[in-house]
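The values are calculated or read from the model by the stated rules, or taken from the named source; none is laboratory data. Note that the coordinates shown come from a computational prediction; the quantities given were computed from them, not determined experimentally. Here the Cβ positions follow ideal geometry from the backbone for every residue, glycine too, while neighbour counts run over all protein chains shown.
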């Protein structure tokens with residue numbers, strides 16, 4: 001049986017601080033040089049949170065513990081890298097659990113079940129692990145392979161896709177394994193997606209891997225850590241249960257998997273796998289740190305004691321940039337009437353900022369991940385990923401920067417709406433029916449696309465704002481550019497209208513009578529009025 005030790009084998013592609021150098025490392029090397037690494041390069045964006053939660057964070061937390069309070073966290077964060085004493089503890093921890101980090105260990109293969117098999121000793125192609133490969137009903141539109149041509153995964157690739165499957169695997173029927181008590185006809189039904197597939201994942205990102213790890217460690221949660229999967233014995237039988245603690249949640253084994261390695265002239269390759277049913281998370285705990293929350297409207301109080309307001313993980317919307325959801329990311333106030341709550345980690349950064357334990361101008365970024373499933377969640381339709389600057393000062397409830405961010409994002413939505421109204425009014429002036437709101441491509445979407453880089457530039461600028469004057473200058477520049485782009489899109493919409501409809505054409509009402517003509521000039525005038533209301537600074541500067 002070949003061996004592949006994740007501790008020392010160079011399976012992680014790390015990007016160093018210069019942004020150019022890619023250097024392969026094992027777990028030990030990556031932790032030792034965490035202060036020099038800007039990111040770990042992955043093949044699919046959703047591999048990044050899987051690696052963070054299934055391996056890196058649990059190792060650090062289980063070996064070093066969590067900061068007891070904010071000041072302890074701030075002292076560790078200020079180090080910029082693990083101290084010599086911390087590295088010694090990490091090394092000792094990895095050595096203690098060394099056999100559990102062997103990807104192909106005969107008894108304890110990492111994140112797998114040794115000897116996992118079906119009643120007929122069948123396996124499937126390695127493409128079953130790879131989200132972008134064609135397997136069964138999951139057939140990507142531009143897949144270059146068929147199910148009968150599984151990709152020969154290197155050990156490094158197999159390890160990364162193994163982690164990805166534990167977090168994001170599709171739902172529905174899974175292969176029935178020997179030892180699974182609910183197998184029927186060689187299958188297990190009713191499987192949910194991997195746990196991250198049920199969230200809109202939000203990860204705070206720092207300048208280095210070390211800072212990212214620290215930003216993702218909750219403070220003062222010693223009482224709810226439990227154990228990671230490599231410190232527990234896992235067999236083919238599974239259960240539906242609640243997460244016992246943070247480390248249990250991060251390393252959740254949603255599937256029972258076995259990789260089948262083979263030695264080739266080019267090294268170890270995995271072309272066959274077995275993916276069976278795994279543990280089912282009975283509920284997403286309210287201490288899940290990597291998601292924002294949608295809060296249901298509280299019911300009317302009919303009893304003396306009001307029931308807690310239920311909250312659900314907030315999923316990301318396909319095609320919608322992260323900055324368009326800033327109202328949820330910045331929802332740091334625990335108000336009973338709030339529609340959203342931000343993630344525990346962003347709320348934690350808000351508390352650090354309030355106590356001046358993290359710099360207002362720290363270049364924090366928020367990275368979001370999600371998966372769009374189709375056909376009863378049995379196939380992957382789309383992968384969602386975004387990364388945007390997030391001003392730390394905006395996480396303070398009453399900060400000017402916070403109001404500036406929320407106002408700017410709302411202005412962008414209102415500008416898109418204004419352009420859409422213009423389009424509808426011009427069609428009305430031309431005697432045409434308006435396009436239903438749920439059909440067709442609208443010019444407002446094109447405007448939001450053009451505003452995207454401008455908004456991200458504004459967010460980067462707001463990270464370094466030092467006073468009210470700088471803030472006002474930044475918002476004026478934003479409004480001027482937003483106005484220019486709105487007019488550019490509006491002109492393209494206006495150019496499509498024939499010249500002979502200046503006075504407007506009469507349209508027939510539902511009752512059969514003719515409506516008064518809707519003049520072209522009125523449509524344009526209404527648009528400019530909306531534009532001026534939405535962008536008052538740019539209006540005053542004209």
- Name the residue, out of 352, 314, 345, 330, that is crowded, with 21+ Cβ neighbours inside 10 Å, in contact with a strand residue (DSSP E or B) (Cβ under 7 Å, 6 or more places away or on another chain) and in contact (Cβ under 8 Å) with a residue 24 or more places away in the chain. 314
- Just one of 188, 175 is farther than 19 Å from residue 126 by Cβ and touching a residue at least 40 places away in the same chain (Cβ under 8 Å); which is it? 188
- Message: Quick check on segment 63-74. Is at least one of its residues within 20 Å of residue 367 (Cα to Cα), crowded, with 16+ Cβ neighbours inside 10 Å and at pLDDT 95 or above?
- Response: no
- Query: So which of 6, 27, 51 is modelled with pLDDT of 95 or more, over 23 Å from residue 219 (Cβ atoms), under 25 Å from the mean Cα position of the chain (by Cα) and crowded, with 18+ Cβ neighbours inside 10 Å?
  - Reply: 27
- Inside segment 96-106, the number of residues satisfying the requirement of being over 18 Å from residue 155 (Cβ atoms) and either buried (at least 22 other Cβ atoms within 10 Å of the Cβ) or free of Cβ contacts under 8 Å to residues at least 60 places away in the same chain (or both) is 1
- Wholly within segment 148-241, strands (runs of 3 or more DSSP E) carrying at least 1 residues that are more than 30 Å from residue 359 (Cα to Cα): 172-175, 187-191
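Conditions (1) assigned by TED's automatic domain parsing to the domain that holds residue 204; (2) at pLDDT below 95; (3) within 23 Å of residue 372 (Cβ to Cβ), marked per residue:
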position: 291; (1), (2), (3): no, no, yes
position: 299; (1), (2), (3): no, yes, no
position: 303; (1), (2), (3): no, yes, no
position: 317; (1), (2), (3): no, yes, yes
- Note on the structure: Over segment 394-408, the set of residues surrounded by fewer than 22 Cβ atoms within 10 Å (Cβ to Cβ) and part of a helix (DSSP H, G or I) is 400, 401, 402, 403, 406, 407
- Note on the structure: residue 120 passes all but one of the listed conditions (1) within 29 Å of the chain's Cα centre (by Cα); (2) assigned to a loop (DSSP other than H, G, I, E, B); the exception is number (1)
